[in-house]
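Asker: What follows is a structure written as structure tokens; I'll ask about it next.
Each reported figure results from applying straightforward, stated rules to the coordinates on display, with no laboratory input. Keep in mind that this is a model prediction, so the values were computed, not measured. Reconstructed Cβ throughout: ideal geometry from the backbone, glycine too, with neighbour counts over all protein chains shown.
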Amino acid sequence: MGNFDYSAIGQRIKTLRKRKGLNQTQLANLIGKSLRTMQKYETGEIEVSIDVVNALAKHLDTTPTFILGYETNTAPIRSLADIMNFLFELDKVSSLKFNVDVQKPPRSNEWTCSIRFNGKEMDADHNADMCLFLEQWEEMREDMRSYNCTPAALHSWQEQTLAYYAGASVECVEPEELDEDERLTRRRAYLEKEFGSEK
């Protein structure tokens, strides 16, 4: 399930279990696992699947993200600059590629801007994950707009989604500093690739 510290996850499970007044056998029975498996979860000997994390969260009155050690509220958004900075950081993620589409007059009747991920982009390992997430998120948003689900159901989906992807680590890469000759060489190569040799 990704790059997690399973001993730390096991310690959190143990602490939550004791807080609920359960022994290992009782908790193992609640989630349909053996005592030995529960012991291995708590010592960090084996990986805890996302399904098990979700089941543990339910029985231990917590969230999947807490069990995994992923804090969702460590950087609250306080200003528009926070959102803009997030987009700057997103642009550094090497396993994601996106386009910013701008439509405005006179070519369009409206002024719209959007970020577009190509789920079939071969050079971006996480683009398909982003497309799947955005598709599911829009379905959940529509369910909320149409009163087809409760805020609690939305929150539960958010927690499970974040828990699932919390172990999918990404690498951020700063833009490469180039001398002027190299920059112009790459600029020519880019134009030739995008627009043909005549440009």
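Asker: Among all stretches of the chain without exposed chymotrypsin sites (Phe, Trp or Tyr not before Pro) (DSSP loop, at most 10 other Cβ atoms within 10 Å), which one is longest? Present the calculation step by step, with values, prior to reporting the outcome.
Answerer: Numbers: sites that count: W111, Y147.
Excluding the exposed sites themselves, the longest stretch runs over 1-110.
Asker: Enter the angle in degrees (range 0 to 90, nearest 10) between the Cα long axis of helix 151-165 and the first principal axis of the Cα atoms of the chain, meaning the one along which they spread out most.
Answerer: Compared with the principal axis, the helix lies near 80 degrees.
Asker: A further question on this structure: Work out from phi, with θ = phi - 60° and the Karplus expression 6.51 cos²θ - 1.76 cosθ + 1.60, the ³J(HN,Hα) of each residue of segment 117-122, listed in order in whole Hz, and give x for Gly and Pro.
Answerer: 9, 8, x, 9, 5, 6
Asker: Provide the FRET efficiency to the nearest 0.05 for the Q26-A81 pair, computing r from the beta carbons and using R0 = 45 Å.
Answerer: 0.35
Asker: Could you work out how much longer the chain between V170 and D101 gets when fully extended? Use 0.36 nm per residue separation minus the Cα distance between them, nm to one decimal. Walk me through the numbers before you get to the answer.
Answerer: Values: separation 69, 0.36 × 69 = 24.84 nm, distance 2.41 nm.
Separation in residues times 0.36 nm, less the Cα-Cα distance, equals 22.4 nm.
Asker: Grab the beta carbon distance between E194 and Q11, set R0 = 41 Å, and tell me the FRET efficiency rounded to 0.05. Walk me through the intermediate numbers first.
Answerer: Details: r = 52 Å, r/R0 = 1.27.
Approximately 0.20, to the nearest 0.05.
Asker: Also: Kindly list the residues of segment 121-135 that lie in the label zone of V93, defined by a backbone N under 14 Å from the point 7 Å along the Cα-to-C-beta vector.
Answerer: Within reach of a label on V93: 124-135.
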